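Accompanying notes for the structure given below.
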């Protein structure tokens, strides 16, 4: 094998078709652009939802629903989950900072505690929201709850 004998693999290269280089080339005249109109001219951009004059689908379909811009999204933890997390990570305080440090939530997530399951560990809770039953269960177990913003 020598450098002057190297060739690309069969079928891997194609001859470039030069359009707009005169009638003799077979690709002159309108240069494969068709006749007249915006699409034959430079700078043409097709509109995203244009359907050739038919009413676009986003206008044919009725609007439904409502997106509440004031909704507060919480990352929810149940008492049963908290017991398992406490065994695994040995929390003394259940707070968003501890959860973030251990990679369980994102920095801006808000934490809410719900009462599903049983809590055996005695913990200090610093959370954004908590259900009434969960608060009662924590305080009955000897823990304390503080609501943080």
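Only the coordinates and a few stated rules stand behind these numbers; no lab work does. Not measured: the values here are computed from a predicted model. Cβ sites come from the backbone with ideal geometry, for glycine too, and all protein chains shown count toward neighbours.
Among residues of segment 96-144 being free of Cβ contacts under 8 Å to residues at least 24 places away in the same chain and in contact with a helix residue (DSSP H, G or I) (Cβ under 6 Å, 6 or more places away or on another chain), the one that is nearest to residue 72 (Cα to Cα) is 107. Contact map, segment 52-67: first residue more than 26 Å from residue 37 (Cα to Cα), second residue surrounded by 10 or more Cβ atoms within 10 Å (Cβ to Cβ), Cβ cut-off under 8 Å, separation 6 or more or different chains; the map is empty. Taking the criterion of being farther than 14 Å from residue 111 by Cβ and either exposed (fewer than 14 other Cβ atoms within 10 Å of the Cβ) or in contact with a helix residue (DSSP H, G or I) (Cβ under 9 Å, 6 or more places away or on another chain) (or both), the residues of segment 71-91 that qualify are 71, 84, 87, 88, 89, 90.
Checked against (1) within 25 Å of the chain's Cα centre (by Cα); (2) in a loop (DSSP other than H, G, I, E, B), residue 121 meets all criteria but (1). Right, residue 37: on the phi > 0 side of the Ramachandran plot and within 33 Å of the chain's Cα centre (by Cα) or not? Considered against the rule, which asks whether it is on the phi > 0 side of the Ramachandran plot and within 33 Å of the chain's Cα centre (by Cα), residue 37 comes out as no.
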